[in-house]
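Heads up: the structure comes next, in structure tokens.
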Amino acid sequence: MAAFRQIPPFDQKLCNCVTKWRLFAAGGDRHLSKTNQNRVQANEELCAIDHLQYYPLNSERECMMKTVSNTRINAPAETVFLWLEDTDRLRQWLPNIIEDEALIETPNKVGSKFRQVYLERDKKMEMFGEITEYVANERLRVDITGEMFDLDVEYILAAPAHEITDLTQKTIIKFKGAMKFIAPLFGFFAKFSSNNPQDESHQKLKKLVEHEHKAG
């Protein structure tokens with residue numbers, strides 16, 4: 001059974017789906033079965049809908065998905081940044097987080113480690129993270145590791161005008177275990193869903209930051 005990796009192209013207008021009818025296995029190559037050919041064709045159709053590229057790959061390798069959200073917030077960058085790194089503020093807008101614990105703190109922030117617990121469908125999910133990039137009021141990047149998937153989350157702040165901040169969040173999800181077999185479905189269902197958790201959390205963040213800024 002072939003798994004599929006999905007990679008958003010740099011230019012979504014150029015969605016060149018590549019169908020590979022051969023898999024390379026130890027000792028040589030073999031043709032895909034008719035069933036797996038149908039799977040490849042089905043994923044090509046998803047690509048046409050979602051602007052995602054799907055490639056067959058060995059089940060031992062990882063599957064990745066990338067998301068990007070952009071939000072304009074009517075507040076200075078230093079106020080927005082505070083809501084990204086302050087534990088008490090973070091828990092007010094980040095979905096389903098119930099615990100956020102600092103494990104190691106470094107003077108320049110990079111290398112600092114933390115533990116977070118999320119509540120998903122009445123089940124606790126523990127994840128461990130590390131700050132990999134930190135520029136105060138400009139950029140924050142963290143790597144977060146969990147049992148089912150890993151996250152590479154990057155926040156970029158830009159100030160196009162006085163007391164206005166454009167916040168960009170780039171997230172790379174690396175699926176693990178059985179999750180990588182259903183990874184192509186995430187983009188498909190997200191395309192037709194009116195609820196995007198990342199966009200919803202950004203809108204909540206925007207309201208909280210702007211309220212605090214106005215309150216002084």
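By counting other Cβ atoms within 10 Å of each Cβ, how are Lys174, Lys123 ranked from fewest to most?
Going from sparsest to densest Cβ surroundings: Lys123, Lys174.
Once fully extended, how much extra length lies between Ile97 and His162, figured as 0.36 nm per residue of separation less the alpha-carbon to alpha-carbon distance?
20.2 nm
For the cross-link pairs Lys66/Lys176; Lys113/Lys206; Lys113/Lys176, which exceed 18 Å when the distance is taken from alpha carbon to alpha carbon?
Lys113/Lys206; Lys113/Lys176
Would you mind calculating the gained length between Asp88 and Ala215 on full extension (0.36 nm times residue separation, minus the Cα-Cα distance), in nm to one decimal?
The span from Asp88 to Ala215 would gain 43.9 nm if fully extended.
In whole Hz, what ³J(HN,Hα) sequence does the range 115-121 give by Karplus (6.51, -1.76, 1.60; θ = phi - 60°), x for Gly and Pro?
10, 10, 10, 10, 10, 10, 6
Could you tell me whether the range 75-115 comes out rounded, prolate or oblate from its Cα gyration tensor? Rule is a ≥ b ≥ c as square roots of the eigenvalues, rounded for a/c under 1.5, then prolate if a/b exceeds b/c, otherwise oblate.
oblate
Quote the FRET efficiency, to the nearest 0.05, computed for Leu119 versus Thr79 with a Förster distance R0 of 25 Å and r equal to the Cβ-Cβ distance.
Working from the Cβ atoms, E equals 0.35.
So between Phe128 and Asp152, what do we pick up on full extension, going 0.36 nm a residue minus the alpha carbon distance?
7.5 nm
Values in this text are rule-based calculations from the coordinates and carry no lab data. This structure is a prediction, so every number in the text was calculated from the model and none was measured. Note that we place each Cβ from the backbone using ideal geometry, even for glycine, and neighbour counts take in every protein chain shown.
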